[in-house]
Amino acid sequence: MKKIVVLTGAGISAESGIKTFRDADGLWEGHDILEVASPEGWRKNKQLVLDFYNKRRAQLLTVSPNKAHTCLVDLEKKYSVSIITQNVDDLHERAGSSHVLHLHGELLKVRSTSNPNLVYRWEKELLLGNVCEENSQLRPHIVWFGEAVPMFEEAVSIAEKADILIIIGTSMQVYPAANLIHYVSQDVPIYFIDPKPMIAKNQLSNKITIISKKASTGVCELVKQLVDI
């Protein structure tokens with residue numbers, strides 16, 4: 001089976017009702033990004049950070065996958081499919097995708113502040129005083145600004161094996177995720193789906209097909225085309 005690698009960003013989840021990463025004014029739900037998504041912000045005001053992610057976690061549990069998520073599952077009928085997502089929601093998994101790698105962590109998980117290998121499924125509020133089995137405070141299992149992206153090397157390994165690359169709903173401005181496009185072979189066709197694509201066909205030597213549509217429309221059209229080949 002040919003291997004399709006799918007790189008997804010906030011645009012694929014926006015149609016499910018999840019707010020995109022930041023507003024036009026640079027704020028994230030009214031907060032300066034570094035207040036709620038950096039080690040410095042965590043040290044300065046743990047309660048603010050916990051409140052912010054508790055609200056996002058609660059909201060995630062009220063939404064469902066959209067057509068873009070479910071259509072991607074259909075690709076597995078004909079291809080080996082790996083999804084690399086910059087999103088911290090679990091909508092790909094809920095839609096039924098078999099292989100999903102989260103570059104930036106997962107909202108429905110928490111981890112120990114002293115031992116990053118202690119990770120727990122978590123769907124309720126996370127409070128000050130909630131500790132791991134080693135008695136250290138738990139924190140959101142999210143990669144914050146200034147932190148390493150531990151899954152990046154695995155993502156590179158996946159990208160290197162791609163026969164087709166599909167990019168959906170991402171600005172390609174967040175690094176190191178945006179660099180993954182440079183790890184696919186030069187003969188690999190790339191499909192870029194976004195209503196306002198931030199990439200030019202001459203950026204790479206690869207053959208790039210730009211689909212300037214919202215995720216649910218563009219993904220389902222492309223999947224039908226690829227499955228019917």
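The table below lists the values:
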| read-out | value |
| --- | --- |
| Residue count, the stretch 91-108 (criterion: in contact with a His (Cβ under 8 Å, 6 or more places away or on another chain) and farther than 23 Å from residue 178 by Cβ) | 2 |
| All positions within the stretch 81-116 that are touching a Ser or Thr at 6+ places or on another chain (Cβ under 6 Å) and of a type in the set (Gly, Ala, Ser) | 95, 112, 114 |
| Criterion violated by residue 157 - all others in (1) within 19 Å of the chain's Cα centre (by Cα); (2) of a type outside the set (D, E, K, R); (3) surrounded by fewer than 14 Cβ atoms within 10 Å (Cβ to Cβ); (4) closer than 24 Å to residue 34 by Cβ satisfied | (4) |
| Where residue 148 falls short, out of the listed (1) more than 24 Å from residue 7 (Cα to Cα); (2) open to solvent by 20 Å² or more (accessible area, probe 1.4 Å) | (1) |
| Hey, residue 162 among the aliphatic types (A, V, I, L, M), free of Cβ contacts under 8 Å to residues at least 12 places away in the same chain and either crowded, with 18+ Cβ neighbours inside 10 Å or in a helix (DSSP H, G or I) (or both) or not | no |
| Residues being modelled with pLDDT of 95 or more, over 22 Å from residue 92 (Cβ atoms) and part of a loop (DSSP other than H, G, I, E, B) - total across the stretch 118-146 | 13 |
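The values are calculated or read from the model by the stated rules, or taken from the named source; none is laboratory data. Only a predicted model underlies this, so the values are computations on that prediction, with no experimental measurement involved. When we count neighbours, we look across all protein chains shown, and the Cβ atoms used for this are built from the backbone with ideal geometry, even at glycine. For accessibility, only protein heavy atoms count, side chains too; no ligands or nucleic acids. Shrake-Rupley method; radii C 1.70, N 1.55, O 1.52, S 1.80 Å.
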